[in-house]
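So the structure is just underneath, and the comments pick up after that.
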Amino acid sequence: MTTTRVRPMVEGGILSAVAILFAMISVYIPFIGAFINLIWPVPIILLGVRHGYKWSMMATAVAGILIAILVHPLHAVAVAIGFGMTGIVLGHCFRKQLSPVYTVLFGSIASLSAKIIVLSISAVVLGINPLADHAEAMGKAVEQAINVYRGFGMKEAELAQLAESMKGMLEMMKLILPAGFALASVVDTYLNFLVARAVLRKLGHQYAAFPIFRTWSFSPVLLYAFVSSMVMLYWGKSREIEMLATAGINLQVVSSLLLMVQGMAVAMFYAKKHDVPRIIVGVFVFMVFTNNFIMQIVVFTGAFDIVFDFRRLRRPLPPSVNSESGE
């Protein structure tokens, strides 16, 4: 009994120390620290996998207290809550051997919830509104950019047009901040999933990986969300219901991006099937992210694939496509 309790305590202490070290690096080493901050949940995940979520919760609390003492209470809140919840949930999902899709889904929900909690604490308890401060910083950035162009000799009429264009982009970015938070939650959860899975494999734990990218396919619910977003946007603007229009545009951003991912998967499927050279695939990917028209084609390709199943994924794949282990 004593041995079984000592082992998680020792490992919990070591992994808590690693989490604290990560937090220190994120503060004092600018470039590396940004990446280290994103993978802060990994030690918490490892502890949760090996000994359960109670130990990972305890390690997160201990790390948060020590970070508050050694660095700053606000940083402790941002790290321990902002990333700790993700680590606890992912560790529990790994331990329960959930599929990669559900693991990332539940982790993303935890990550988004944690971000909302951190913002709420900053706004209510600490008297700081990060969203307002962020918008103000973006406004100053626009002014600085205009001054730079003015220094290059650009005419005032052109500067006025440029300022209007940049302000329009700024307003759009303010509107889609919720979508940005949601997408950021998925990205940082997926990153932690990959890193934690790689570390756990080194430690002898085996967990399923995501399917090959070219076979990715989302639920029809995504298509309903995309159509609903357009209806919400239309009704919100035509009836002057600002909240409905804002919700519609955020839902459209998220659903469009996911449909683009599915459209890219369709393109990669047929590129592999027809042995398209990698350089052509690379040019295509570059054009998708730089040409709005091609991006829209890819989005609608993803939407039509959900309906018509171009790749016949609901049936057995041809041997030439299904025989590989992954890419």
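Read-outs throughout are calculated quantities, based only on the coordinates presented, and are distinct from any laboratory measurement. Because the structure is predicted, anything quoted here is derived from the model rather than measured. Using ideal geometry, Cβ is built from the backbone for each residue, glycine included, and neighbour counts are taken over all protein chains shown.
List of remarks:
- Neighbour cut-off at most 12 other Cβ (10 Å), DSSP loop, trypsin sites (Lys or Arg not before Pro), region 219-295: Arg239
- Taken one residue at a time, the phi angles of region 176-186 give Karplus couplings (6.51, -1.76, 1.60, θ = phi - 60°) of 9, 4, x, 5, x, 5, 5, 5, 4, 5, 5 Hz. Gly and Pro are set to x.
- In region 37-109, the convex hull through the Cα atoms has an average projected area of 4.4 nm², a quarter of its surface area.
- Coarse-grained scattering of region 140-254 at q = 0.13 Å⁻¹, given as base-10 log I(q)/I(0) from a Debye sum over alpha-carbon atoms: -0.80
- Pairs beyond 22 Å (Cα-Cα), from Lys115/Lys174; Lys202/Lys272; Lys96/Lys202; Lys54/Lys96: Lys202/Lys272
- Share of alpha-carbon pairs per 5 Å distance bin for region 213-322, given as whole %: 2, 12, 19, 19, 17, 13, 8, 5, 3, 2, 0
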